């Protein structure tokens, strides 16, 4: 299987951490993509094989012998179910919905991260500081919500916890540590899980420029 990646994307990171936690890294070919900073406002050039894999030009993209998946949600679902025996997210029942409840909040943080980043990549006279502030407030509000749920986190580093950890890591890397004041218990939890080999091997870095 071919997985298109970049080190700056939190969506890519959650897929890569999932793969590492399941111990199935040898089943994937990782293809590094390059992105111009113009991606925030306009279409940019990409390799033909990448465009064929993902006409929406989204990463990560997973190409298998039978089909192509073009977002991290479907990719994680496939990896967890077909390759991981549902070890990171239950197939059905209350445990599944508990994980999805936490994961939905963490995904909202990541969505705000990307929207905020895209706006910041606009020229100064084009960007909306109001919109940037709205995304920041959404991130902090979601971190405050997750702070209340830390006591209910299970012992398994499941797909929700992977997504939450990735959201925490990206926030610190790209925007600083304001979130830690909002969610100190979550920050303490993150400092522990950040030591996992899967997290250390996937720390974010700037995307190679096209």
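Points to keep in mind about this one:
- Separation between Cα centres of segment 47-87 and segment 130-183, rounded to whole Å: 25
- Only helical runs count toward this figure. For the chain, summing -39,500 (n - 2.57) over DSSP H runs of n ≥ 4 and dividing by all residues gives -16500 deg cm²/dmol at 222 nm.
- In terms of other Cβ atoms within 10 Å, 125, 113 run from fewest to most in the order 125, 113.
- Of all the options 192, 17, 166, the one that moves most in a Gaussian network model of the chain with Cα springs shorter than 10 angstrom is 192.
- Max mean-square fluctuation residue, GNM over the chain, Cα-Cα springs under 10 Å, options 130, 77, 158: 130
- Counting every other Cβ atom within 10 Å of each residue's Cβ, 9, 198, 74 order from fewest to most as 74, 198, 9.
- The mean sequence separation of alpha-carbon pairs under 8 Å and at least six residues apart, normalised by the residue count of the chain, gives a relative contact order of 29 percent.
- This ranking places 86, 157, 143 by how few other beta-carbon atoms lie within 10 Å of each, fewest first, which gives 86, 157, 143.
- Between 66, 194, 90, the Gaussian network model of the chain with springs among Cα atoms under 10 angstrom shows the greatest mean-square fluctuation at 66.
- Our note on the geometry: Cα centres of segment 193-209 and segment 96-112, 20 Å apart.
- Fraction of beta bridges assigned by DSSP in segment 2-83 that are antiparallel (%, nearest 5): 55
- Rg over Rh for segment 2-83 works out to 0.96, both radii taken from alpha-carbon positions and Rh defined as the Kirkwood radius.
- Here the chain carries DSSP beta bridges of which approximately 55% are antiparallel, counting only pairs with both residues inside.
Bear in mind these aren't lab numbers, they're just calculated from the coordinates by the rules spelled out. Everything numeric here is computed off the predicted structure, so don't read it as measured data. Heads up, the Cβs are rebuilt from the backbone with ideal geometry, glycines too, and the neighbour counts pull from every protein chain shown.
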